[in-house]
Amino acid sequence: MMWALFRNKLDMSSLNLSPLDASDSSGERLHGLWEEEVAKSGLEEASVVRVILRFQRTRLILSIIAGILAMLAAFFGPAIVVYEILNYAEEPEKSTVAYGVGLSIALFVSEFSKAFMISLLMALNLRTAVRLKGAYSSMAFQKVISLRLHTGISMGEVNTELNTYNSYLIHGACISLGKHSHLFCTHVCHLLLKSI
C-alpha cells in the first residue's frame, strides 16, 4: 500500500478494509449486545463494561497474549541472553564459536520478537479502537436521532458532547492494556447510554 501511495496509484481498491470495521455492522452488534444485557439484568443493573468487554473479547485476548509475549521477549533478551554473552566474552575459550553465534542469533530473535509483538499489540489495539468508536458513534447517533424531545438541549450541544466522549473512547481503547483508561471509557459510555 505504501508503494502504491509513493507511485501515486492509490485508489479504493488498494485499501483492504474489513467489512467488520464498518460502523453500521459494529453498531448493530454493540446495540444487540446492549439489548441482551438490558433484557438479562434490567436497565438500572445493565453493565456497559460487560457489553464492551464482550464486544471486543477476542481482540482483547489476543492483545493480552501479544503483550505477555512482548514482555517475555523484553525480559529474555537482557536478563538471560546478554548475561550469557557477557560470560562468553569474558572467557571465550570455554565455549565454541558456534555457541557465540547462537547467542547472537538468540539476542536478535528476542529483540525482533519484542519489537514485533509490541507492534502487533498497537495494531490490534488501534483496530479495536476503530471498531469500538464506529460502533459507539453509530449507536449513540441513532439514539439521539430517535429521541423526540431534547429537553432544552440543542442538537449541536448533543453532537459536541458525543464527539468529545468519542475521542476519549478511542484514546482509551488504543492504550487500554496496562492502564485503567479502558474502564474510564466504559464508564463514559455507560453514562451516555443511560442519560440519552
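When the chain is fully extended, how far beyond the present Cα-Cα distance does LEU53 get from HIS31, taking 0.36 nm per residue of separation? Could the numbers behind the result be given before it?
Working: separation 22, 0.36 × 22 = 7.92 nm, distance 1.35 nm.
Working it through step by step, the gained length comes to 6.6 nm.
If neighbour count is taken as other Cβ atoms inside 10 Å, put TYR83, TYR99, TYR88 in order from fewest to most.
Values: TYR83 10, TYR99 13, TYR88 18.
Sorted ascending by nearby Cβ count, the order is TYR83, TYR99, TYR88.
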For region 116-146 versus region 43-97, the gap between their alpha-carbon centres in whole angstrom: 24 Å
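For a quick check: sort SER110, SER25 by the number of other beta carbons within 10 angstrom, fewest at the front.
Ascending Cβ contact count within 10 Å gives the list SER25, SER110.
Kindly put MET122, MET117 in sequence by how many other C-beta atoms sit within 10 Å of each C-beta, fewest to most. All intermediate terms of the calculation are to be shown ahead of the outcome.
Working: MET122 14, MET117 20.
So the ranking, lowest neighbour count to highest, is MET122, MET117.
Read the figures in this text as sums done on the coordinates, not as results from a lab. Quick caveat: nothing in here was measured; it's all calculated off a predicted structure. Every residue, glycine as well, gets a Cβ built from its backbone with ideal geometry; the counts of neighbours run over all protein chains shown.
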